[in-house]
1. By how many degrees, 0 to 90 and rounded to 10, does the Cα axis of helix 356-367 deviate from the longest principal axis of the chain?
2. Over the C-alpha atoms of the range 547-586, what are the Rg and the largest Cα-to-Cα span, Dmax, in Å?
3. Can you tell me the 0 to 90 degree angle between the C-alpha axis of helix 453-463 and the longest principal axis of the chain, rounded to 10?
4. Just need the relative contact order of the chain here, percent rounded to a whole number, with Cα pairs under 8 Å and 6+ apart.
5. Within the range 437-510, report the GluC sites (Glu not before Pro) that DSSP leaves as loop and that have at most 14 other Cβ atoms within 10 Å.
6. Against the longest alpha carbon principal axis of the chain, how many degrees, from 0 to 90 and to the nearest 10, is the axis of helix 13-24 turned?
7. In whole Å, what are the Cα extents of the chain along the three principal axes, biggest one first?
8. If you average the C-alpha positions of the range 94-163 and of the range 170-190 separately, how far apart do those two centres end up, in angstrom?
Amino acid sequence: MCGIIGYIGNRKVIPILLSGLKRLEYRGYDSAGVGYLVNKKLNVFKAAGKISELENTIPDFEEETFIGIGHTRWSTHGAPTTLNAHPHLNGSGNIALIHNGIIENYLTLKVKLKDLGYQFKSETDTEVIVHLISFFYEKEKSLLKAVRLALHEIEGTYGICVVSSLESNKIVAARKGSPLIIGVGENEHFVASDAPAIMEHTNNVIFLEDGDIVEVFNDHFNITSLANQTITREIEKLDLDISSIEKGGFPHFMLKEIFEQPESIQNSMRGRVLLSAGNVKLGGLENFIDDLVGAKRLILTACGTSWHAALVGEYMLEQYAEIPVEVEYASEFRYRNPILGKSDIVIAISQSGETADTLAAVKEAKRRNASVLGVCNVVGSSIARESQAGVYIHAGPEIGVASTKAFTSQLAVLSLLTVLIGRRKNLAFSYGEKICQELLNLPKKISQILYQKDQVEAIAEKFYEARNFLYLGRGYNFPVALEGALKLKEISYIHAEGYPAAEMKHGPIALVDENMPIVFIAIKDSTYDKILSNIEEVKARKGKVIAIASEDDKTIESIVDHVIKVPNTLEMLSPILTIIPLQLLAYYIAIKKGLNVDQPRNLAKSVTVE
Ligand code: M6R
């Protein structure tokens with residue numbers, strides 16, 4: 001959460017900071033600020049609200065300025081006000097700092113600093129860092145040394161960027177638990193919390209690691225450790241193109257990403273499906289295949305949508321790879337006493353690869369000597385780097401806060417993993433081939449569903465004023481019910497719950513009346529007849545039923561109120577299709593309510609704090 005951008009070079013800094021912040025706005029968008037040096041003097045402008053508010057506060061600019069930092073905030077400590085926005089300044093106004101993360105011992109430090117006479121202007125945890133740096137600067141007269149000493153006092157997580165009029169030729173940055181990259185240009189450098197902020201300027205990046213402190217100048221940079229040892233890190237080339245982070249004619253990133261799914265899922269499978277062998281190839285797991293085949297148990301850990309993908313993975317892996325699977329919220333896994341055996345493998349699933357709880361679960365699993373694999377979207381992300389091996393889902397940048405294409409790509413990759421392990425066990429060639437063939441057919445089938453967008457929009461028109469929704473499904477489509485409900489609640493603020501359909505009669509049925517829309521995932525799979533009975537039970541109580549049904553189901557129209565048809569596929573792959581109309585439904589309902597679907601209230605794209 002929160003976005004960081006810093007620039008030092010020969011170009012005017014303000015446009016670079018503002019365009020970087022706009023690209024980062026999906027990370028946090030309740031307030032923003034910039035700090036830059038003009039004639040060795042520090043200027044700071046901040047505003048509550050969106051980047052456009054900040055833009056209005058920055059005066060028209062005559063002078064040239066070549067070094068600065070910018071921040072877009074997702075509040076943790078203190079309300080989203082201008083005072084709490086970053087950068088924060090020290091008392092003399094000559095050091096400015098931006099920060100992602102949480103300083104856990106900030107209260108203790110604040111009391112000590114106040115006793116020393118330091119005055120605080122904000123309610124944030126961040127402000128203690130800049131006063132600490134200022135305190136050490138008095139003694140050391142070196143920004144780098146002062147930052148290092150300050151960080152020794154701090155407990156918690158941080159990605160920070162500091163500029164100072166006292167040393168106006170550099171940015172000092174550091175990370176622990178919050179991602180930070182250095183972008184390398186010609187006679188210029190960038191610092192950013194993630195790649196989209198700087199992609200239009202350079203593809204050459206260095207991923208900083210926890211404990212790194214870097215002094216960044218126009219033409220060079222020095223990385224050292226907290227203990228002041230020199231560190232060398234490779235420059236990596238990011239294979240991203242700028243159009244992938246633009247809306248490309250769509251009104252919202254979310255809609256663009258929903259419509260990208262035929263392509264994004266193809267990218268997840270590219271070069272990995274070996275149809276004639278009825279098998280798959282996952283390069284990143286080559287050295288781990290024997291361990292996976294011999295594993296006694298897989299523990300899939302994740303949060304939010306990725307956790308729903310893990311639940312579908314559990315069904316697939318148990319059925320076809322014949323391995324016991326447990327799915328656990330990363331936030332729970334990290335704080336209990338997970339018993340991990342020698343042949344247990346932990347698989348962390350995360351779109352961003354930065355989710356704090358999932359990253360902490362990975363570290364906890366490693367601490368307990370378990371093997372850890374990562375299934376991530378963002379290349380070079382913390383979870384991908386922290387895992388011993390893994391698979392990228394290659395869905396491309398996902399900017400909309402509501403995860404869509406990452407979910408279908410996660411499911412595609414989990415299907416590939418299932419075939420990979422299954423074929424080394426009892427999964428027959430013929431069935432392996434069938435799964436591979438159906439996987440390859442999915443892009444076309446997703447497109448068929450997307451053609452029905454107007455029909456979904458018409459249903460949204462009927463229900464957008466509803467106060468509650470229920471989503472019900474069984475088997476492979478129970479997690480889809482959870483995911484459909486999550487999509488709706490996060491962008492439309494309508495209360496929605498997902499349940500296994502059979503659980504309805506154990507409580508939720510009490511909610512059913514003529515005002516309650518209920519979405520059933522009722523495709524012709526092994527639970528179809530049971531689901532039909534559940535639908536009848538709802539209709540008997542006058543509930544309004546929207547069914548996601550199979551294209552060849554000729555009877556369901558007669559018992560439900562609205563139907564959206566999806567093409568037939570294998571039951572294990574059906575969630576990749578059934579979720580598409582639910583993503584569209586959530587989108588159109590939120591649009592009809594006049595809401596900002598890409599930046600829903602209180603949320604941020606990657607949750608890098610606990
Ligand atoms: O980046 P991750 O996959 O680790 O993110 C996990 C959740 O924060 C994320 O899926 C969240 O629930 C989304 N907003 C759902 O649309």
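1. Its long axis makes an angle of about 90 degrees.
2. Looking at the range 547-586, its Cα Rg and Dmax stand at 10.4, 27 Å.
3. 90 degrees
4. Relative contact order for the chain comes out at 12 percent.
5. Within the range 437-510, the qualifying GluC sites (Glu not before Pro) (loop, at most 14 other Cβ atoms within 10 Å) are Glu465.
6. 20 degrees
7. 78, 53, 43
8. Each part reduced to its Cα centre gives a spacing of 19 Å.
Where a number appears in this text, it was derived from the coordinates with a stated rule and is not lab data. Because the structure is predicted, anything quoted here is derived from the model rather than measured. Note: ideal-geometry Cβ built from the backbone for every residue, glycine included; neighbour counts use all protein chains shown.
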